[in-house]
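Only one structure is covered here, and it is reproduced in the block below.
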Amino acid sequence: MSEPLLPPIGMLAELTHRCPLQCPYCSNPLELLKANRELDTQTWLDLFLQAADLGVLQVHLSGGEPTLRRDLEQLIAGLSARGVYTNLITAGVGIAEGRIEAFAEAGLDHLQLSFQGARPATTDRIGNHKGGHEKKLETARRARAAGLPLTINAPIHRHNIEEVPEFIDLALSLGAERLEIANVQYAGWALTNRDQLMPERDAVERQAEIVAAARERLTGIMNIDFVPPDYFAIYPKPCMGGWARDAFMVTPDGTVLPCHAAQTIPSLSFERFGPRSLADIWTDSPAFNAFRGTDWMQQPCRSCERREIDWGGCRCQAMAIAGDAAATDPACAKSPIHGRMAMLIDEAQRAAAVPSKDEQFVYRRIGVVTEPA
């Protein structure tokens, strides 16, 4: 490695793959884990204690839908007892009355609520869940009444990109401190549905202008984070802040990963918590060390002035598009195959031009991957 190994400060805990929604853009793997493969309460608590000892300052509790875990209050309390900041990432549907208040009492610091659309019809169609939009509105109101800071998360793709101004108004109306306009990245179920989800270039450019203007207008009122789409980029983003650089994630069965899609790299083998400690995995795992720092980089990354800004971009995207996890991220204009991104965008637009094709999602479901609905 080209820099000293520092302790991680952030962790994403995917407590379950179970979810009442079936979003076609989900970044979870196509092979979703059933409930009988999830870590039990005590194992998660042990893992969280080791994470705190390792230096983790904040844990994002996610899924699937984390509120389907009946022990969620206990997990939040365990983290709170160690002074670890907790952010609950939820779809906000099917949460029993009184539970949000119980999460707050257990020590939850923040709630992040996803909306599949700013309009009820969009939310319900993308999540494949009737009445979901109203349930989300109620969850937001209950979170604010419980005194929880609120982020509205808007995963953006072709079918809701024109609703960005409405997402901004929605977040303001709900009293959110933060809005995340997060363009869908193509991994997991989103990669399967790429042709159905890819927006048009003009729409992406309009979106960027709208967000920039709203950020300026709402300074001091609401923070707006903007995650641009990789396929339309000039330079890549540092995935998870850089491969195994300051954060990691854990799947429902305790597999420890540098990022969501890391298991799509066939040359790497990832370890589970339990047989090895979290500290050992973070420090000594061959998979974690594979793309740390800059020593692994090929040209043009190795001599690029941005190598310690984007840390090579996304290794999983390089694997998916270039067929080589060590290749320059194709999202980078310096990649020899950067033009392939434009080709994929064009292919998606041609697919969308086929009558009814753009409505045919492969919805996220536990079990066998289904044909487009």
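Computed values, structure above
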item: Asp280 accessible area, 1.4 Å probe, all protein chains in place, Å² to nearest 10; result: 70 Å²
item: Share, in percent, of DSSP beta bridges within segment 158-272 that are antiparallel, nearest 5; result: 40 percent
item: Nitroxide proxy distance, nm - points 7 Å out along Cα→Cβ at Arg206 and Arg70; result: 4.9 nm
item: Residue-span extension gain [Lys130 to Asp295] - 0.36 nm each, minus C-alpha spacing; result: 54.4 nm
item: For the chain: accessible area per residue (Å², 1.4 Å); result: 42 Å²
item: Glu216/Asp40 FRET efficiency (R0 45 Å; Cβ-Cβ; nearest 0.05); result: 0.40
item: Among (i) 45, 20, 17; (ii) 47, 26, 16; (iii) 29, 28, 20, the entry derived from the coordinates for semi-axes √(5λ) of the Cα gyration tensor in Å; result: (iii)
item: FRET efficiency, Ser277 to Glu308 (Cβ-Cβ, R0 30 Å, nearest 0.05); result: 0.55
item: Separation of the Ala102 and Ile337 label points, Cα + 7 Å toward Cβ, nm; result: 4.9 nm
item: Antiparallel bridge percentage (DSSP; both residues within the chain; nearest 5); result: 10 percent
item: Out-of-range pairs (alpha-carbon distance over 29 Å; input Lys130/Lys237; Lys135/Lys237; Lys34/Lys130); result: Lys130/Lys237; Lys135/Lys237
item: Gap separating the Cα centres of segment 55-96 and segment 125-170, nearest whole Å; result: 19 Å
item: Net length gained if the chain between Leu30 and Arg350 were fully extended (0.36 nm per residue, minus Cα distance); result: 112.7 nm
item: Rough spin-label spacing in nm, given labels placed 7 Å along Cα→Cβ, for Asp324 and Tyr235; result: 2.3 nm
item: Accessible carbon and sulfur surface of the chain relative to its total accessible area, %, 1.4 Å; result: 52 percent
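The values are calculated or read from the model by the stated rules, or taken from the named source; none is laboratory data. As the structure is a prediction and not an experimental result, all values here were calculated from the model. Glycine gets a Cβ as well: all are built from the backbone with ideal geometry, and neighbour counts include every protein chain shown. With ligands, DNA and RNA removed, areas are computed over all heavy atoms of the protein, side chains included. Shrake-Rupley method; radii C 1.70, N 1.55, O 1.52, S 1.80 Å.
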